[in-house]
1. So how much slack lies between residue 133 and residue 7, counting 0.36 nm per residue of separation and subtracting their Cα-Cα distance, in nm?
2. So if each residue of separation counts as 0.36 nm, and I subtract the Cα-Cα distance between residue 121 and residue 151, what length gain in nm does that give?
3. If you take the beta carbon distance between residue 142 and residue 179 as r and set R0 to 45 Å, what does 1/(1 + (r/R0)^6) give as a FRET efficiency, to the nearest 0.05?
4. For residue 91 and residue 71, FRET efficiency with R0 = 25 Å and r from the beta-carbon atoms, rounded to 0.05?
5. With a Förster radius of 45 Å, plug the Cβ-Cβ distance of residue 62 and residue 103 into 1/(1 + (r/R0)^6) and report the FRET value to the nearest 0.05.
6. What's the extension gain from residue 275 to residue 262 if we count 0.36 nm per residue and subtract their Cα-Cα distance?
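What follows draws every value from the coordinates through simple rules; no lab data is involved. What you see is a predicted model, and the numbers here were worked out from it, not measured in a lab. Here the Cβ positions follow ideal geometry from the backbone for every residue, glycine too, while neighbour counts run over all protein chains shown.
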């Protein structure tokens, strides 16, 4: 900076005074600013020191917290590792249990399917049993009806057997009466009784033939219920008696009853004929000899009757009682 040129000393003095005054003012200003700056710097320093102390305390606290957190982290890490190991172990156990549960579930499903199949089999067997039971009830009802019909036939058979036995007894009585009434007489008087006896013989022989047929029919009829009951016991699945078969059986029984009635009538007529011959024999005093042909003919009457098939009362079969 070049110094200015002065014309006089006073100007130079004034110039330098003004400059000094300016510099002094500037000094004062700078000094004030310096003081203010020092004051502010002191305040700032105090603040900084206070903040530094606070920061140091905070740093110490944070350091302690960091250490504490590091310790906690280590402990948590150990716990985590232990928990992870325990969790992996539990997971393995749970997987094993899950595998066992799945296997058990599969077994249960198989068992359920087998139970369903068994249930279906049982239902089919139940339906078959119900069907067979209904069929058995139907056959049982049919067997009961047949048994009742056979019992009625047995009652009729017993009635017919009693009737036939009574006819046998009456024939035997007739033979005994004729044997008592016969005694020796003259040949002239014997001829007419012999003719009459021949007629009676022929009539009795005819009736005996009919009685033999009747006895055979009765025997076959008596045997039929036993055979029917045996067949019913051995094969319960046969068809029951048809209405036509029942009607034919009833017709047979009716025919037998009619034949028995006719036989009774004819035997009664023979008995009356013999009774009518008694006064004639007593008047003439002639009787056929015991060993005469007529006598032999009358003696053959019971033999013919006894030669027929014997009629026995057949007891009811156990099978019929069991069916009832």
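1. On the way: separation 126, 0.36 × 126 = 45.36 nm, distance 16.31 nm.
Once the chain is fully extended between residue 133 and residue 7, it gains 29.0 nm.
2. Values: separation 30, 0.36 × 30 = 10.80 nm, distance 4.29 nm.
Going from the current span to full extension adds 6.5 nm.
3. Values: r = 54 Å, r/R0 = 1.20.
Calculated transfer efficiency: 0.25.
4. Values: r = 29 Å, r/R0 = 1.18.
For R0 = 25 Å, the calculated efficiency reads 0.25.
5. Calculated transfer efficiency: 0.20.
6. Numbers: separation 13, 0.36 × 13 = 4.68 nm, distance 1.98 nm.
Separation in residues times 0.36 nm, less the Cα-Cα distance, equals 2.7 nm.
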